[in-house]
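To keep things clear, I will list the structure first and then write my remarks on it.
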Amino acid sequence: MKDNIELFTQLSEIRGITPRFITKLKKMNIETVKDLLWHFPTRYEDFSKIYKISELIPNQEATIQGIVEKIGGRRTWRRNLYLMEAEINDDTGSIRAIWFNQPYIKNILQPGRLANFSGKITVSKKDGDIYLSNPTYELVSTHTAYHETKHTARIVPIYAETRGLTSKGLRYLIKPILDELAEVQEIIPYEILEKEKLLELDIALRKVHFPKTIEEAIAAKRRFAFEDLFFLQLVNVRERLKLAKEKSASIKSDLEKTKKLIETLPFELTLSQKRSFWEILQDLEKSHPMNRLLQGDVGSGKTVVAAIAALITAQNGYQTSFMAPTEILAQQHYRTFKKTFPEFESGLALLTSSESKTWYGHELEINVGKTNLYRDIAQGKIKIIIGTHALIQKSLVFNNLALVVVDEQHRFGVKQRAELVKNKKITPHLLSMSATPIPRTLSLTIFGDLDLSLINELPKNRKQIITKAVDPENRNKAYAFIRGQIKSGRQAFVICPRIEPSQKSEETVSNNFGLWIDVKAVKEEYEKLSKKIFPDLKVAMLHGKLKPKEKEKIMREFSENKFDILVATSVIEVGVDIPNAAIMMIEGSDRFGLAQLYQFRGRVGRGEHQSFCFLFTDSTARTTKARLKSIVEAKNGLELAEKDLKLRGPGEFLGEAQAGMPDIAMKAIQNPDLVKSARESAINILKKDPLLKNYPELHNRLNQFQKQVHWE
């Protein structure tokens with residue numbers, strides 16, 4: 001073992017760690033001592049009490065200490081397994097221990113050796129005797145009164161593992177490193193540790209791996225959870241302070257003119273739309289940048305609120321960039337703006353990778369080349385530009401951009417706002433929009449640098465969507481109902497989790513909700529519905545692998561009622577608005593999260609007709625039924641999101657895109673008190689010392705943390 005081991009020490013430099021271990025560890029992205037020690041246990045097994053053999057009972061998890069009387073192995077005729085069996089004695093009796101395919105054990109557990117054995121007490125079907133099934137074992141010295149153990153007779157840490165590297169192997173590596181590790185320097189200010197009753201870093205690091213009690217393990221994990229949340233909040237609060245110092249255009253609004261503008265709308269704004277709009281207007285008038293998240297259920301009218309803000313920005317002579325994640329959504333926003341504000345003459349443009357056009361009101365629309373559009377934008381002739389990532393090009397320069405609106409990609413907005421205003425004296429206001437309901441604790445942690453406006457009601461006269469979970473035996477009844485609705489003039493969406501049907505040679509890949517091998521594929525479902533179930537109806541197919549122009553053509557024709565049924569992947573999750581579509585049928589509904597199902601359901605019910613959502617599943621699991629019952633009963637997206645967060649945890653809730661967030665912080669998000677105290681601590685310390693000059697270690701660690709954590 002290398003002397004004076006530090007956190008930055010490479011594991012390959014430490015004597016005793018073999019190249020085989022190094023290779024396995026690298027597969028888990030573990031190369032330094034810090035990487036290894038921050039690979040925290042996922043759970044603990046309590047083997048701290050040593051039982052006498054006579055005290056053991058069936059199905060118990062227990063530790064015994066005894067002498068190996070005899071040990072031997074044989075190959076079983078069934079399954080061709082190698083069975084290793086030992087007889088263990090203490091002063092109260094004897095018990096068998098059995099291992100499979102571990103012949104090397106007889107070289108370690110030789111007769112006469114004293115050892116601890118921790119595992120499950122199992123009952124033999126053959127003779128009814130109890131035995132230890134595949135126990136963890138550890139040799140114990142008979143010459144010392146106390147022998148500190150790593151694997152038995154204690155609270156035993158269990159880690160995430162990889163092939164060839166078990167929790168026992170990880171404990172074998174971690175224990176001696178901790179014994180030789182130099183004291184780890186604290187990074188959280190001591191006044192915060194004291195106020196929050198947190199363990200110091202060096203102590204927490206040792207207790208998180210080898211606690212003497214479960215309470216010690218909980219206290220250690222709480223310290224690390226607080227630390228990650230604290231740094232996340234420091235990032236958020238620092239971003240707020242930074243923005244407060246930057247200059248932006250002060251966009252004034254004439255109250256009377258604004259009221260008249262709202263009165264010309266073809267619908268009445270809801271109270272929460274008006275409240276959110278007023279909050280946005282107040283932010284736009286300030287001389288430092290707005291940083292606001294506009295959150296509301298699907299179809300709640302977020303886009304029109306953002307559009308009015310863009311209109312007022314244009315009236316002040318400034319430009320607005322309106323970014324959407326897909327071409328379909330960008331085109332929809334463009335059409336919505338034209339329809340809602342037909343008198344707008346200050347220049348509206350649509351810019352995606354596949355098209356560029358301008359509109360000046362009164363049906364005056366021109367398809368223009370991108371070079372000419374870039375020139376008009378640079379000269380300030382176009383005041384509102386709606387598009388996708390195509391808006392972020394080196395060759396595209398804005399004249400006086402004052403407002404950036406981003407739909408469904410919050411972190412994209414923060415990052416790309418900087419790209420849009422390189423070398424500019426003013427920073428544009430940012431308005432992010434989201435239809436994904438985000439629980440309060442998630443919002444505080446992930447979007448803590450954003451002010452929140454909430455649209456919590458649907459437009460008037462919107463009918464409640466009738467939702468049903470459909471068992472396999474009721475599938476034909478559902479098909480008959482859907483046919484009846486289509487015959488009466490309605491249209492239907494059918495959503496599937498995959499594009500291609502699985503191949504026979506494909507490996508069965510497990511995800512958190514089951515085996516993807518069985519999931520309905522769009523192409524397969526399209527063939528079935530168009531040829532077998534509804535051969536008399538017009539069925540189309542849409543998925544992410546199609547070219548943008550193909551997708552646009554299919555969506556346009558579906559909106560023009562040229563197709564009765566659209567079979568699609570989750571590409572239609574965001575923003576698609578077809579008022580005549582009154583049926584949402586979701587295959588493999590147990591494969592989607594509740595928030596995503598809620599998004600799908602919101603794609604219907606946007607017109608005057610009664611709408612329906614059918615959740616198809618072949619799963620009979622109680623958990624599946626409970627999840628689907630939640631969506632059937634859900635009246636409010638936020639309430640549903642809270643349930644989804646509890647059922648799946650933050651990692652699954654947020655999706656793989658949030659992989660940059662520390663695992664321990666992800667779990668801690670569900671602890672609102674810890675989130676709140678971490679946020680308060682971050683605010684207090686930055687108010688006192690904005691540049692963290694008096695906390696150099698904290699400053700350095702925060703910079704490292706920002707590089708490691710990403711939200712894109």
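Within segment 334-354, can you find the residues that are at pLDDT 90 or above and under 34 Å from the mean Cα position of the chain (by Cα)?
The answer is Y334, F337, A349, L350, L351, T352.
I'd like to verify a number: residues in segment 577-587 that are out of contact with any Asp or Glu (no Cβ under 8 Å at 6 or more places or on another chain) and surrounded by fewer than 24 Cβ atoms within 10 Å (Cβ to Cβ), how many?
Total satisfying the criteria: 4.
Considering only residues that are at pLDDT 85 or above, hydrophobic (A, V, I, L, M, F, W, C), within 26 Å of L243 (Cα to Cα) and surrounded by fewer than 21 Cβ atoms within 10 Å (Cβ to Cβ), which ones fall in segment 360-416?
Listed by number, the residues that qualify are A378, A390, I392, L396, V397.
Going through segment 228-253 one residue at a time, which ones are in contact with a helix residue (DSSP H, G or I) (Cβ under 8 Å, 6 or more places away or on another chain) and of a type in the set (D, E)?
D228, E239 - these are the residues of segment 228-253 that are in contact with a helix residue (DSSP H, G or I) (Cβ under 8 Å, 6 or more places away or on another chain) and of a type in the set (D, E).
Please work out if A249 is small (G, A, S), crowded, with 19+ Cβ neighbours inside 10 Å and part of a helix (DSSP H, G or I).
no
Among (1) modelled with pLDDT of 95 or more; (2) touching a His at 6+ places or on another chain (Cβ under 6 Å); (3) of a type outside the set (G, A, S), there is one condition I192 misses while meeting the rest; what is its number?
(2)
Residue check, A220 against (1) surrounded by 18 or more Cβ atoms within 10 Å (Cβ to Cβ); (2) aliphatic (A, V, I, L, M); (3) touching a residue at least 24 places away in the same chain (Cβ under 8 Å), all met but one. Which one?
(3)
Name the residues in segment 339-360 that are out of contact with any helix residue (DSSP H, G or I) (no Cβ under 7 Å at 6 or more places or on another chain), more than 19 Å from A309 (Cβ to Cβ) and not hydroxyl-bearing (S, T, Y), would you?
E355, K357
Kindly indicate the residue of segment 1-43 that is among the basic types (K, R) and out of contact with any Phe, Trp or Tyr (no Cβ under 8 Å at 6 or more places or on another chain) and also farthest from I187 (Cα to Cα) among those meeting that condition.
Taking the candidates together, the pick is R20.
Could you list, in sequence order, all residues of segment 444-464 that are within 27 Å of the chain's Cα centre (by Cα) and over 20 Å from L431 (Cα atoms)?
L458
For segment 180-217, what are the residues that are among the small types (G, A, S) and buried (at least 17 other Cβ atoms within 10 Å of the Cβ)?
A204, A217
Do the conditions hold for T436, that is, is it among the polar types (S, T, N, Q), assigned to a loop (DSSP other than H, G, I, E, B), modelled with pLDDT of 85 or more and crowded, with 17+ Cβ neighbours inside 10 Å?
Spelling it out, it is not the case that T436 is among the polar types (S, T, N, Q), assigned to a loop (DSSP other than H, G, I, E, B), modelled with pLDDT of 85 or more and crowded, with 17+ Cβ neighbours inside 10 Å.
The values are calculated or read from the model by the stated rules, or taken from the named source; none is laboratory data. Computed from a prediction, not measured in an experiment: that's the story for all the values here. Counting neighbours? That spans all protein chains shown, and the Cβs are built from the backbone with ideal geometry, glycine included.
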